[in-house]
Every structure is written in C-alpha cells, then in structure tokens.
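The values are calculated or read from the model by the stated rules, or taken from the named source; none is laboratory data. This structure is a prediction, so every number in the text was calculated from the model and none was measured. Here the Cβ positions follow ideal geometry from the backbone for every residue, glycine too, while neighbour counts run over all protein chains shown.
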Amino acid sequence: MGNYAFYGEFQNDFQKWFANGLNQKLAAHGYRLAEHPDQDIRLVLNFADPRSLRPYRRKAQATYVVTVVETDQIPDNILKNGYPMLIRTLSNLLIYIVRTPETFDTYFVTLEQGYYKVPFQTGQEETFFDKIFERLEPLAASNLIINNDFHPDLPEELQEGDEITEQIWKAGQKIEAMNLWPAPFPIQEILPAEDFRHVKRLYGIGGLSYGNLSARKTKDRFWMSGSGVNKGDLRKIGQDILLIKGFDEKRNTMLLSVPPEVQPRRVSVDAIEHWMIYTEHPQVGAIVHIHAWMEGIPSTQINYPCGTVELAKSVADLVRNAEDPSRAIIGLKNHGLTITGKDLDDIFERIEGRIIPQVPMT
C-alpha cells in the first residue's frame with residue numbers, strides 16, 4: 001500500500017473531524033501516513049481555504065491530489081463554483097463541502113467537468129466515510145503510465161504522415177462536428193502564470209483536452225493523438241499525431257518514433273490502454289475515446305484515473321469479454337466511452353445517432 005499525506009491547515013473542528021475520518025479509513029485499509037515530506041507520497045489530501053487557495057506542488061507525476069474545500073454558501077451551480085477551485089489547486093479531484101448549521105452536503109468535482117454527491121446521514125458516520133474512501137482509493141491505488149521515450153527514428157516516408165494519419169485527421173474533424181470534444185476549460189485564464197508553467201512541466205500539456213483516437217499502423221505500431229492538442233485539426237506528425245512502437249514495462253514508459261527535427265509532445269495519457277487492446281486483439285484497427293455515453297453498454301465499476309494501468313486493465317478486460325472485441329463499446333465509469341473498430345469509419349457508422357453527450361455521474 002502507498003503513503004498518503006495531509007497538506008494545508010484545518011479551518012475548524014469540522015474539518016479536523018473530516019480529516020480524522022479519512023485518516024482512520026485509509027489506515028484501516030493498509031495505507032500509511034507519511035512521516036516525512038520527501039517520502040514517496042501517492043495521495044495528498046489538501047485542506048484549502050476557498051478565500052486563499054493554495055496548491056500542493058507535486059514532486060512526482062504519480063502523486064494524486066484531492067483538495068477539500070468547505071463553504072457555508074449554497075452555490076447555484078456546483079460545477080461552476082467548484083471547477084475553478086479544482087484547477088487553481090492543481091488537483092485531480094475536489095471534495096466540495098457545502099455546510100449549513102443543520103447538516104452538510106459533500107460533492108466530488110472531477111476533471112471531466114462533472115460532479116456527484118455523497119450524502120451524509122446523522123448517526124451513519126461509518127457508512128459515510130466508507131463511501132468517501134471508496135471514491136479515493138482508485139487514486140491511492142493507481143499506477144500512472146505517463147512517461148514517454150522519444151526516438152528520433154521515424155522513417156522519412158512517414159514524417160509528413162500517411163493515409164492512416166489522414167484518416168485520423170478526418171476523424172478528429174468528425175468528432176469536432178459532432179461537438180464531442182468538450183471545449184477545454186480555460187486553464188490558462190484560471191491559473192497564475194507560475195502555476196500554469198508548473199502544470200505544463202509536470203504533465204506536458206498546454207491545457208485540459210479530453211478524448212483521444214488512434215489507428216493501427218502495423219502489427220505492433222499505431223498512430224495516436226497527442227496530449228493537450230486541438231483534436232479538430234490533427235496535422236503535425238510528432239506533435240498532434242505520434243507513432244507508438246512499444247511499451248517498456250520495467251520503466252513504465254511508452255516508446256515513440258518521432259521525426260528527428262520535431263520537438264515532440266507527449267502522446268495521449270490513455271496510450272497504455274490502447275496499447276493493451278491492440279496487443280491482445282490483432283483484429284482491432286482503430287480506437288476512439290470520447291467523454292460521452294451510450295445506453296445499455298458494459299461499464300467499468302471503479303473510477304480509476306486516466307493513464308493508469310488499473311483503468312487500462314479494466315477496459316481491456318471488458319473488451320476481451322465482448323461478443324466481438326474488434327467492435328466493442330465500453331463505458332468508463334464517470335468518464336466516457338472507449339470504442340474499438342475495424343477502422344475509424346466502422347466506429348462512426350456504429351455510434352451515429354446513439355451518443356449521449358453528458359456522461360452520467362454516480
């Protein structure tokens with residue numbers, strides 16, 4: 001089990017009670033409270049004052065931050081009020097507590113621009129903290145695969161793309177026309193310049209960008225969209241679209257071929273998921289991931305973060321169990337869809353008219 005830590009200052013006895021409840025549940029499940037700030041910390045619980053929000057600055061990509069904010073003002077719109085706090089505190093998840101003299105409501109605000117409520121009933125503290133822990137453990141237990149190893153060995157004939165990258169460009173435009181690339185939240189308008197630079201250094205992104213798509217090139221290589229790019233205009237090889245050629249399990253690193261004269265971007269964080277699917281199912285020719293929903297589909301049961309081995313394995317298991325893995329439609333809890341196809345055209349033919357833009361939050 002991993003280490004966890006508390007950060008920030010408790011504003012009142014209620015927050016001390018809340019932190020103590022979290023502490024007891026994490027410890028009871030084998031997680032260890034870090035004794036030193038330089039320890040390898042998997043989960044940070046950042047108690048922040050909404051009037052003076054302070055981010056926890058990660059020292060490692062695999063550290064997940066959950067910020068806890070309390071207010072006595074009942075907001076008109078949970079997402080509108082909570083999402084900027086999530087971004088300003090550089091967090092993966094926000095616990096937004098709306099407290100009145102009689103009781104309180106607890107909302108989880110997600111990076112996918114959604115939120116869900118965990119109710120509290122007097123006398124049911126044990127059940128309440130069980131539910132809170134259930135939401136936090138996927139962060140505490142996950143193994144993030146975000147490192148990229150760029151090899152400037154992309155063959156010259158592929159440095160301007162090929163017929164497959166042309167298909168990816170057209171597919172990105174189709175999804176744009178369907179309004180299924182959610183408009184990126186204006187992160188650079190919310191964060192101070194220093195914090196924005198920190199986010200770019202940590203994750204190699206220029207903003208919050210949702211969804212991705214890929215298409216197989218050969219048996220063991222596939223083209224995939226980059227991280228934080230305009231997916232409605234995927235043109236630049238090595239930046240907008242990258243060629244994945246392998247995965248180094250010892251280093252938890254994706255291996256990519258890029259043009260020698262291009263400063264590459266990171267590939268989409270979901271590359272490990274696509275890699276697992278392509279490797280196991282040679283008949284899969286393309287994969288699309290969008291933050292939308294469809295009725296009557298199998299879904300993962302745990303809300304693991306993007307880019308983790310655990311999410312990739314959960315999706316890969318459901319693809320494996322599908323009637324036809326090459327044409328599977330898999331739901332990701334509180335997140336979106338992963339869709340496999342013979343090619344990108346096959347995927348669009350099957351989802352047309354069936355997409356629900358809003359992902360249900362539970």
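Here are the numbers for the structure shown:
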quantity: Selected residue (criterion: farthest from I241 (Cα to Cα)) from residues of segment 142-153 that are in contact with a strand residue (DSSP E or B) (Cβ under 8 Å, 6 or more places away or on another chain) and surrounded by 19 or more Cβ atoms within 10 Å (Cβ to Cβ); calculated: S142
quantity: Considering residues of segment 90-111 that are within 22 Å of H291 (Cβ to Cβ) and part of a loop (DSSP other than H, G, I, E, B) only, the residue farthest from the chain's Cα centre (by Cα); calculated: L90
quantity: Residues located in segment 115-129, provided they are surrounded by fewer than 18 Cβ atoms within 10 Å (Cβ to Cβ) and under 23 Å from the mean Cα position of the chain (by Cα); calculated: Y116, K117, V118
quantity: Those helices (runs of 4 or more DSSP H) lying entirely in segment 112-214 with at least 1 residues modelled with pLDDT of 95 or more and assigned by TED's automatic domain parsing to the domain that holds S326; calculated: 163-177
quantity: Selection within segment 87-103 - in contact with a Ser or Thr (Cβ under 7 Å, 6 or more places away or on another chain) and surrounded by 20 or more Cβ atoms within 10 Å (Cβ to Cβ); calculated: T89, S91, L93, L94, I95, V98
quantity: Residues located in segment 236-257, provided they are of a type outside the set (A, V, I, L, M, F, W, C) and in a strand (DSSP E or B); calculated: K245, G246, D248, T253, S257
quantity: Meets criteria (of a type in the set (S, T, N, Q) and in contact (Cβ under 8 Å) with a residue 60 or more places away in the chain) for N303; calculated: yes
quantity: Count - residues of segment 223-235 that are part of a loop (DSSP other than H, G, I, E, B) and buried (at least 18 other Cβ atoms within 10 Å of the Cβ); calculated: 5
quantity: Residues satisfying the stated conditions in segment 76-89, i.e. over 17 Å from Q358 (Cα atoms) and part of a helix (DSSP H, G or I); calculated: N81, G82, P84, M85, L86, I87, R88
quantity: Segment 151-173: number of residues that are among the charged types (D, E, K, R) and closer than 24 Å to H289 by Cα; calculated: 4
